[in-house]
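> Structure incoming, see below.
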Amino acid sequence: MARYPLTGALRSVAAVTATALLLTGCAPSGGQLPGTPGASPAPGSRLDVAGYEDSPALPAAVQAYAASEILTVITTGSSSCPAVPEITDVRPDEQLVILTISSWQAEFCTADLAPRTFTFDVGRDLRSFTVEVQNSGEGD
């Protein structure tokens, strides 16, 4: 059986094709990723965050900040399958915000620990609130 080594030009074409296939395999299956890549530079007053330390199934670390009537949540996890927060309850009497975290599903997820910023207009000042993070239960 004869073997045909790749020449310099064919090797370059093969490398470009392989790279293109790898990159398209990392694209999310559900469309554009939610949130904004990176961490917000001046998100406001940092809030206490509870709950995620006790849930190893959560996909990311979570930070929360309040400024005026805006809640900024920064998750750190896979850049191709980010952790997506959703406000599920605001309890003014308890000064508590409940966030549910779910993973954005894609065919392949990177393990690069990238920050992603999400902002929510909550219509109230949350500077003295605590944010409790819960897992959505998806992917368990």
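> Residue by residue through segment 83-101, note down the ones that are touching a Phe, Trp or Tyr at 6+ places or on another chain (Cβ under 7 Å), open to solvent by 40 Å² or more (accessible area, probe 1.4 Å) and in a strand (DSSP E or B).
Scanning segment 83-101 gives a single hit, 87.
> Looking only at segment 102-133, count every residue that is open to solvent by less than 70 Å² (accessible area, probe 1.4 Å), within 19 Å of residue 63 (Cα to Cα) and touching a residue at least 60 places away in the same chain (Cβ under 8 Å) and tell me the total.
So the answer is 12.
> Follow-up. Show the residue pairs meeting these rules: Cβ distance below 7 Å; 6+ apart or different chains; first residue within segment 74-88 and free of Cβ contacts under 8 Å to residues at least 60 places away in the same chain and within 15 Å of residue 109 (Cα to Cα); second residue outside any loop (DSSP other than H, G, I, E, B) and hydroxyl-bearing (Ser, Thr, Tyr).
Partner pairs satisfying both residue conditions: 81/103; 82/75; 83/75; 83/103; 84/102.
> Kindly indicate whether residue 84 is in contact with a Ser or Thr (Cβ under 9 Å, 6 or more places away or on another chain) and modelled with pLDDT of 95 or more.
Judged against the criteria, residue 84 is not a match.
The values are calculated or read from the model by the stated rules, or taken from the named source; none is laboratory data. From a predicted model like this one, the values you see are computed outputs, not experimental measurements. A quick note on method: Cβ atoms are made from the backbone with ideal geometry, for glycine too, and the neighbour counts reach across all protein chains shown. Remember, those area values only see protein heavy atoms, side chains included, never the ligands or the DNA or RNA. Shrake-Rupley method; radii C 1.70, N 1.55, O 1.52, S 1.80 Å.
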